[in-house]
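Single-structure report; data block below.
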Amino acid sequence: QMNTVHLLGRLTGDPELRQTPSGNSVVSFSVAVNRLGKDNGTDFISCVAWRESGERIARYFTKGKPIAVAGRLRTESYKDKQGNNRNRTEVVVERWEFVPADNASNSIVDVNSGEDFQEVGGLDDLPF
């Protein structure tokens, strides 16, 4: 079985960082993703990231910034205030990356190391 999602888009608003009662950080945000094909348009995808990953997204991203995310879909069922059954689908973010705005920059940032981010000058400066 496979449940994998990859998105490339822009944040529709500033990420919302919260703490769970047990002290875990969680950030919620939405990504606008352009559709390709006959029905060009935009999809607005809800995303959630937990703990350190969520804290970093809240620290480094704001409305309009491009982002690449990878994760899994999660659908939850709940009752609204009127007692109607509702479903919510969101992407649980497992990895994310900075994306150069409109390819205006060739800088790359390593977001998956356990340390603070280290900026690399460009593709020619990579050690491999």
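The values are calculated or read from the model by the stated rules, or taken from the named source; none is laboratory data. If you're wondering where the values come from, they're calculated on a predicted model, not measured in any experiment. When we count neighbours, we look across all protein chains shown, and the Cβ atoms used for this are built from the backbone with ideal geometry, even at glycine. Accessible surface areas use protein heavy atoms only, side chains included; no ligands, DNA or RNA. Shrake-Rupley method; radii C 1.70, N 1.55, O 1.52, S 1.80 Å.
Rolling a 1.4 Å probe across all protein chains gives Arg10 an accessible area of roughly 90 Å².
With a simple spin-label model that places each label point 7 Å from the Cα along the Cα-to-Cβ direction, the separation between Leu73 and Asn3 comes to 1.0 nm.
Taking all protein chains as they are arranged and a probe of 1.4 Å, the heavy atoms of Phe29 leave approximately 10 Å² accessible to solvent. Annotation: Tyr78 carries an accessible surface of approximately 100 Å², with a 1.4 Å probe and no ligand, DNA or RNA atoms counted. Taken one residue at a time, the phi angles of the range 40-51 give Karplus couplings (6.51, -1.76, 1.60, θ = phi - 60°) of 3, x, 10, 9, 10, 9, 6, 10, 9, 10, 10, 6 Hz. Gly and Pro are set to x.
Inverting the pair-averaged 1/r between distinct Cα atoms of the range 18-90 gives 14.5 Å as its Kirkwood hydrodynamic radius.
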